[in-house]
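I have placed the structure first, in the form of structure tokens, so that the comments after it can refer back to it.
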Amino acid sequence: MNSQITDSIISNHALEEKLVELKSFGDPNSLVISCYLDMLSGKNACESFITENLRQLLDHAPSLDNDTRQTLVESFIEKLHQHWHPQAKGLTIFCENFDRIPEFICFALPQNMGNQFSVYTKANILPLLTLKDERLNGSVLAYTDEVIQIYDINLGQIRPMAWATAPRLSKTRHITVSQDEPREFDKRLQRVCLSLLRSQAKPMLVAANAENLEHIKQWLPRKIAWKITDTIELPYELGHSAFSEFLQAYFQQQKQIDTRRIDENIKNSLHVKGATVLGPVSTLEALRNQQVDRLLISPTENQRVNTHCLHCNSLLVKPMSQTCNHCGLSIQEPWDPMIEASWMAEAQQVPVIEIKSDELSYLGGMACFIKQKREADLIPIKPAPSKGLDLVA
């Protein structure tokens with residue numbers, strides 16, 4: 001098996017392109033296989049997961065001959081090896097026309113989405129949408145070890161982009177050996193910040209110890225002040241070599257805090273009607289009305305959609321048909337609220353937040369926060385005084 005690397009780990013920009021491609025992926029009257037793989041478990045474990053799930057799926061497709069089944073399994077394993085990347089944590093394989101000549105969209109991921117296997121009339125993009133979290137896509141300007149460094153965060157991957165040596169900071173702004181040092185540093189910092197301006201317009205965090213946070217913000221050019229969304233207080237002894245690890249832990253801690261806050265909102269919404277809508281039906285209705293501010297999803301380990309005939313349990317190779325392709329009896333079109341909601345959220349650019357919540361799972365695994373109307377929108381506009389009719393000849 002050829003294991004040559006043909007792919008790099010997908011970036012935020014490339015992910016947007018793949019989502020556009022996946023929108024038109026699949027024939028309207030066919031099924032799409034969506035397979036997410038945990039690369040941290042190793043190739044052998046990924047191969048076993050693929051083989052087991054495909055065989056379970058194909059056991060219910062009596063219309064497919066043995067050659068077609070074997071070819072499909074071999075094609076999946078080949079894609080696994082072709083797109084394997086040693087620095088990636090996850091891999092996704094989408095497949096259409098698997099009952100004929102299969103076509104694939106595959107790419108390596110910087111985050112581990114776990115092992116998931118689903119079959120539906122559309123690609124399951126829900127795990128991909130959670131990667132668009134603002135925390136996983138931004139930039140950080142950090143001061144550690146008398147060095148100011150800019151880090152780019154792309155789908156959770158943290159890498160240094162630019163740096164400048166800085167004078168030692170203190171409550172009096174800096175300790176200098178000569179009067180020229182702050183001026184020279186300002187020039188270096190300006191160059192670093194200009195390199196940031198040339199990058200994507202991402203939100204930016206400023207990180208330093210408590211004593212120096214305000215000094216760093218004062219030094220920043222006004223042109224990038226609008227980028228700053230928050231500050232991170234660093235331990236005094238933290239050096240730049242340990243900063244990436246600290247940042248990953250910080251984001252994980254913030255996610256846990258957000259999850260607890262959201263979970264509390266969900267519990268309150270069970271008793272008091274408010275800005276949180278609970279359950280798949282109500283959430284989909286809010287999405288259709290374009291009222292959703294954030295979509296909340298409680299993940300399942302291995303999502304499966306009922307794509308089988310209720311009469312003979314055969315796989316609905318033609319799910320949009322009115323009758324089963326095996327027994328000929330009438331069928332019900334497969335429908336999955338989470339996958340449908342994910343595509344609606346993507347079309348409206350609604351952020352998707354994945355949280356582990358027992359309450360949300362009990363309610364169907366889906367909820368949303370409703371957009372709050374601005375105060376200006378609630379103030380009625382006084383009609384203009386009537387001046388009679390203006391007749392136009």
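The values are calculated or read from the model by the stated rules, or taken from the named source; none is laboratory data. The model shown is predicted, which means the values in this text are computed figures rather than measured ones. Note that we place each Cβ from the backbone using ideal geometry, even for glycine, and neighbour counts take in every protein chain shown.
What to note about this one:
- Test: Gly274 is more than 22 Å from Glu134 (Cα to Cα), touching an Asp or Glu at 6+ places or on another chain (Cβ under 8 Å) and modelled with pLDDT under 85: no
- Verdict on Thr68 being over 27 Å from Gly156 (Cα atoms) and crowded, with 16+ Cβ neighbours inside 10 Å: yes
- Selection status of Arg69, closer than 24 Å to Gln254 by Cα, out of contact with any strand residue (DSSP E or B) (no Cβ under 6 Å at 6 or more places or on another chain) and either free of Cβ contacts under 8 Å to residues at least 40 places away in the same chain or not in a strand (DSSP E or B) (or both): no
- Selection over segment 242-255 of residues that are exposed (fewer than 12 other Cβ atoms within 10 Å of the Cβ) and either in contact (Cβ under 8 Å) with a residue 60 or more places away in the chain or closer than 20 Å to Asp358 by Cα (or both) gives a count of 2.
- Every residue from segment 23-39 that is at pLDDT below 95 and either farther than 18 Å from Ile105 by Cβ or part of a helix (DSSP H, G or I) (or both): Lys23, Asn29
- Listed by first and then second residue, the pairs linking a residue in segment 38-54 that is assigned by TED's automatic domain parsing to the domain that holds Ser118 and surrounded by fewer than 13 Cβ atoms within 10 Å (Cβ to Cβ) to a residue that is of a type in the set (S, T, N, Q) and outside any helix (DSSP H, G or I), with Cβ atoms under 9 Å apart and 6 or more places separating them unless they lie on different chains, are Leu40/Asn112.
- Failed item, numbered, when Glu264 is tested on (1) within 30 Å of Leu54 (Cα to Cα); (2) at pLDDT below 85; (3) charged (D, E, K, R); (4) more than 19 Å from the chain's Cα centre (by Cα): (1)
- Search result, residues across segment 103-143 that are surrounded by 21 or more Cβ atoms within 10 Å (Cβ to Cβ), among the β-branched types (Val, Ile, Thr) and modelled with pLDDT of 95 or more: Ile125
- Pick from segment 13-54, criterion small (Gly, Ala, Ser) and over 16 Å from Leu129 (Cβ atoms), ranking: nearest to the chain's Cα centre (by Cα): Ser24
- Filtered by the rule that a residue be under 19 Å from Val119 (Cβ atoms) and touching an Asp or Glu at 6+ places or on another chain (Cβ under 8 Å), segment 50-92 gives Ala61, Ser63, Leu64, Thr68, Ile77, Leu80.
- Some residue of segment 315-335 being within 30 Å of Arg294 (Cβ to Cβ), touching a Phe, Trp or Tyr at 6+ places or on another chain (Cβ under 6 Å) and at pLDDT 70 or above: no
- For segment 100-155, residues that are more than 17 Å from the chain's Cα centre (by Cα) and of a type in the set (D, E, K, R) total 5.
- Taking the numbered list (1) at pLDDT 85 or above; (2) touching a Leu at 6+ places or on another chain (Cβ under 8 Å); (3) surrounded by fewer than 19 Cβ atoms within 10 Å (Cβ to Cβ) in turn, Ser269 passes all entries but (1).
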